[in-house]
Structures are given as structure tokens and as C-alpha cells.
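S.K.: So that we are looking at the same thing, I have put the structure below in C-alpha cells.
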Amino acid sequence: MTSSIEPVLQGVGHTMLVLSGKGGVGKSTAAVQLAATLKSAGHRVGILDIDLCGPSIPRMMGVEDRDVLTTPDGKWIPVYVDEEKRLSVISIAFFLDSKNDAVIWRGPKKNAMIKQLLTSVLWDVDYLIIDTPPGTSDEHISVMENIRGVPVLGAVLVTTPQMVAVADVARELTFCRRTGINVLGIIENMSGFVCPNCSECSNILATGGGEQLAERTNVPFLGRVPIDPSLAHCTEEGVSYLEKFANSSVSKVFWAVMTKLLGSESDEMEVEN
């Protein structure tokens, strides 16, 4: 177990959390696309997957069968996704005997693992995306307690358009404000389905709920992400959607989202060929 005086997130420039009020809204998918966008802009990016009970990031990035290497002093080296070593990930999934193993832990053991993930990884990144479990649980509280004093840009909240999901995100927003985490904005995921044949948009899950919440709570609305079956296929197969479908409407939305998140710094962002 790590010492309480060990520094947190060494080697990390800026940290960004991705949160959701409930599961199934595409939070982890959004985290992967945000990281891929930053990487395509020339940054070194890491993803810290702290969803202990549902770690899906390694599969989405095509590295679930990889092993985590350890330095002589006991630090974990994150798994690199690309040959250039500009996109990396760490997740409890790498430490399980089988990808079907369940993590059945009480709060103290979860908190100890979260602390170890925050102090024992040898990062060398400009941006770290922390993918959290849905809701406001022990994992969230442990992260908030341990990252005080670390440069944190803030949190991105992900929802789907329907009111039942938006209501849960409103509670997440309250959690952020009570714990002092800056809310960078809200992404409305699964907002409309554009038919690949006729280009007509059908609002299968309603539309506008995330934007209405942003307006009501005075936080930035970052954009609507339409449903794209190709995105789901890429995350299932561990293929980079941003590289394969660079000109898609979803990719353009995430570039626009990143421009809003990083402000003037992102004016210089260009997709690498």
C-alpha cells in the first residue's frame, strides 16, 4: 500500500475528469474520444480508468490483453496504445486474472486502490483523462480527496437527452460544486440518429435535455453527439474511431468540444495526417 505522503499524479500536466450521473450514457466512449482528439492535436495523453467494477477503457483502446510493467522502485508503467507513446492507459482491468473477473470490494479496499492508481503510475503526459464510474460513490470521493493541490482543469459531464438521465447528471453537478470541482461543461450524447442513406436525423432518445440543464445551471454546453453505429463498432473492436472516421459528424463534434474546453490554446489544434 502506498504512503500517504507520496505525491499524486506525478508527470501529469493537466487533469480532466469525465463524469456521468448513471451508467449507459457513453461516458467512457466520450473519455476515449476526448483523449484521441488531444492526441491528434499533438499532445501526450493518458487515461486513468477508475471504474473498478466496470473497467472498459482497455477494451475500447484495443489493449485489454496487455500487461503492466513495473519499474525497479515499484512504479507502474502505463500501457501505451500507439507506437509513438503519446496515448497511454492504466486500469484495474490489467491486474485481473480474467476479463470476466468481478471486483467485489468494500469501500476501504476501493479507496486504497484508487490512491495507489493516483500515486503509483509513472506518467509522462500533458493531459490526463480520469474516467470515473457512474454516480457519486466512494471512488469519486477518494479521487477528490487525493487530487487536492493537483492542476485540475475540471470535469466534463456526459448525459443522454432524456430527462431521467439529465436528472442524474444534475445530482452529479451538485456533487462537483460541493467538492469544489470546476464543471467544464455538459456533453449531450446519443442526441439524434442520422440515417446513413437519407441523412435525415431522428431523435430516438429525445433531444435538448443536456442543453436545457446547462442553461438552467449556468454551465457551458459543449455539444450534441449523434448516434453513430461506426463509433460503437470501433469501441467494441478497440479501433481508433477518430483516425478511421476523421471527417464524420461525431469526430467534428469532439473537435468542437475540445476547442471549447481548451479555449484559446485549442485555436492552434490541427488534426495530424
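S.K.: Just check the stretch 178-247 against the gyration tensor rule for me: Cα atoms, a ≥ b ≥ c as the square roots of the eigenvalues, rounded for a/c under 1.5, and otherwise prolate or oblate depending on whether a/b exceeds b/c.
M.R.: Here the stretch 178-247 falls in the oblate category.
S.K.: Also, quick follow-up: As a test of the definition: which semi-axes, in Å, follow for the stretch 1-56 when you take the square root of five times each eigenvalue of its alpha carbon gyration tensor? Largest first, please. Kindly include the intermediate steps, with their values, before the conclusion.
M.R.: On the way: eigenvalues 98, 72, 14 Å².
Output for the stretch 1-56: semi-axes of 22, 19, 8 Å.
S.K.: If you take the beta carbon distance between residue 167 and residue 252 as r and set R0 to 51 Å, what does 1/(1 + (r/R0)^6) give as a FRET efficiency, to the nearest 0.05?
M.R.: 0.95
S.K.: What is the calculated FRET efficiency for residue 260 to residue 216, with r their C-beta to C-beta distance and R₀ = 22 Å, to the nearest 0.05?
M.R.: With a Förster radius of 22 Å, E is 0.75.
S.K.: Taking the number of other C-beta atoms within 10 Å as the exposure measure, put 105, 255 in order starting with the fewest.
M.R.: 105, 255
S.K.: Another question about this same structure. Compute the distance in nm between two label points, each set 7 Å from the Cα along the Cα-to-Cβ direction, one at residue 203 and one at residue 95.
M.R.: Rounded to a tenth, the inter-label distance reads 4.5 nm.
S.K.: For the chain, state the average projected area of the convex hull of the C-alpha atoms over all orientations, rounded to one decimal in nm².
M.R.: 14.5
S.K.: FRET efficiency for residue 232 and residue 177, Cβ-Cβ distance as r, R0 = 45 Å, nearest 0.05?
M.R.: With R0 = 45 Å, the Cβ-Cβ based efficiency is 0.85.
S.K.: Helix 163-179 sits at what angle to the longest principal axis of the chain, using alpha carbons and giving 0 to 90 degrees rounded to 10?
M.R.: 40
S.K.: Cα to Cα, under 12 Å, and not fewer than 8 places away if on the same chain: which aspartates and glutamates meet these conditions relative to residue 39?
M.R.: 82, 84, 126, 243, 270, 272
Here, each number is a calculation from the coordinates, and none is a lab measurement. Because the structure is predicted, anything quoted here is derived from the model rather than measured. Positions of Cβ are generated from backbone atoms using ideal geometry, with glycine treated the same way; all protein chains shown enter the neighbour counts.
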